[in-house]
Amino acid sequence: MNSDLLAPGLIPGPSVEDILAGADTTEFRRLVGNDSALQLFNYWSRLLREHGLAMKQQFDPLEVPALLSNIYIEEWDPEERQSRMRLMGEDLKAVWNEDVIGLRTDDFVRGDVNALWKQSDRIVYFENRTAILAYNMEYLDRPHCVLRDLTLPMQDHQGNRFAIGYIWQEH
């Protein structure tokens, strides 16, 4: 567990330009502190260098099969001015205990977590930066948990904005 991320919040990471320029990401990697999330970051960084931000079509799940149950893809919905869930791994579906595919952030996240996700949208979709989020999920029917979320920008060839992320639980 990474003690720098115990409190809920958002940490902006390196930008697409930083990664492409070969910036040192050691501190960001230390803050992520999760081997699986770092695998996704490494794969995303490689795709970014090879294809630029318009890498969505090149994402190959077979490159990161062990991560798929904790990966999600969101798409920026310009009409609604918020993200919409497009894909979510099976372990993440269990965390939300409902099917959220196709839903907007406002449809399934409330309160402080909703505000945090909208801050992340600005950083990821419009500043083209990576981000780490930490937030509490509180339930009526099961124990509360703390989630960590690495989110990374990408686009398709039409310029539509997406985020791919990896979510893990801290205990």
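Details
- Any hit, segment 84-92, residues being exposed (fewer than 14 other Cβ atoms within 10 Å of the Cβ) and either of a type in the set (Gly, Ala, Ser) or under 19 Å from LEU147 (Cβ atoms) (or both): yes
- Flag if LEU53 is of a type outside the set (Gly, Ala, Ser) and either closer than 20 Å to ASP149 by Cβ or modelled with pLDDT of 95 or more (or both): yes
- Restricting attention to segment 60-71, the residues that are of a type outside the set (Gly, Ala, Ser), in contact (Cβ under 8 Å) with a residue 12 or more places away in the chain and open to solvent by 40 Å² or more (accessible area, probe 1.4 Å) add up to 2.
- Residue within segment 148-160 that is over 25 Å from GLY33 (Cα atoms), modelled with pLDDT under 90 and of a type in the set (D, E, K, R) present: no
- Members of segment 20-53 found to be crowded, with 17+ Cβ neighbours inside 10 Å and more than 22 Å from ASN70 (Cβ to Cβ), listed by number: LEU53
The values are calculated or read from the model by the stated rules, or taken from the named source; none is laboratory data. Note that this is a predicted model, so its numbers are computed, not measured. Backbone-built Cβ (ideal geometry, glycine too); neighbour counts: all protein chains shown. Only protein heavy atoms, including side chains, enter the accessible area calculation; ligands, DNA and RNA are left aside. Shrake-Rupley method; radii C 1.70, N 1.55, O 1.52, S 1.80 Å.
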